[in-house]
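Take a look at the structure below.
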Amino acid sequence: MPSFDITSSFDKQEVINAVDQMSRELINRYDFRDTNTSSTLNDNSIIIKSSTDERLNAADQVLREKFAKRNVSIKFLGDFNDEKTPSESKRTYTLKSGIDKDIAKIIVKDLKQNFKKVQSSIQDSSIRVTGKKRDDLQDVISFLKSNDYKIFLNYGNFRD
């Protein structure tokens, strides 16, 4: 029986490249001179620091542009925390990977309501979808792409 997996994962190397390109642009751009604007990538977080809120928001925009150029969805950035001190503004993004249990339950519920010939099951941070026909599975993928679950969905591990 044909099946595929729904996951939510990003290419770590592309994220590293995007943050590296962002850092180089922050160093070279004239409007970031003398603002102490920098970016760092930790295991699952990106930290942007600047001396003013205005430059912090501009650096955030540069990060989003670099993600777009590297074909990394900005939905992986998730929520951010802003910290402000008198001399510095800091924004920390936590990179989201994997499908949360709550979102997985919503996806499975939507699939059960809209597709009677397809079975879906939650497996850790992914969802396995099986059906008798390949066309049914392709319909599921197009249905999921048309809905917004506030996370980026990857479709892979297709088996006949």
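Observations
- Distance-filtered residues of region 99-127 - backbone nitrogen under 11 Å, label point 7 angstrom along residue 73 Cα→Cβ: 99
- Shape of region 39-160, Cα gyration tensor, a/c cut at 1.5: prolate
- Residues of type aspartates and glutamates that residue 69 reaches as a straight line, Cα spacing below 14 Å, ignoring anything fewer than 8 places off in the same chain: 11, 14, 20, 25
- Bridging of residue 75 to lysines at a Cα separation below 29 Å is possible for 12, 49, 66, 84, 90, 96, 101, 105, 109, 112, 145, 150, once same-chain residues fewer than 8 apart are set aside.
- Where labels lie 7 Å past Cα in the beta-carbon direction, separation of residue 130 and residue 54 in nm: 6.0 nm
- The length gained by stretching the chain between residue 105 and residue 36 to full extension, at 0.36 nm per residue less their Cα-Cα distance, is 20.4 nm.
- Computed about the Cα centre, the dipole magnitude for the chain is approximately 640 debye when only Lys and Arg (+1) and Asp and Glu (-1) carry charge, each at its Cβ.
- FRET efficiency estimate (nearest 0.05) - Cβ-Cβ, residue 25 to residue 157, R0 41 angstrom: 0.70
- Compactness of region 1-80 as Cα Rg over 2.2 N^0.38 Å, two decimals: 1.28
- Taking a ≥ b ≥ c as the square roots of the eigenvalues of the Cα gyration tensor, region 109-153 is oblate, since a/c reaches 1.5 or more and a/b is not larger than b/c.
Coordinate-derived values only; no laboratory data. All values derive from a computational prediction rather than experimental measurement. Positions of Cβ are generated from backbone atoms using ideal geometry, with glycine treated the same way; all protein chains shown enter the neighbour counts.
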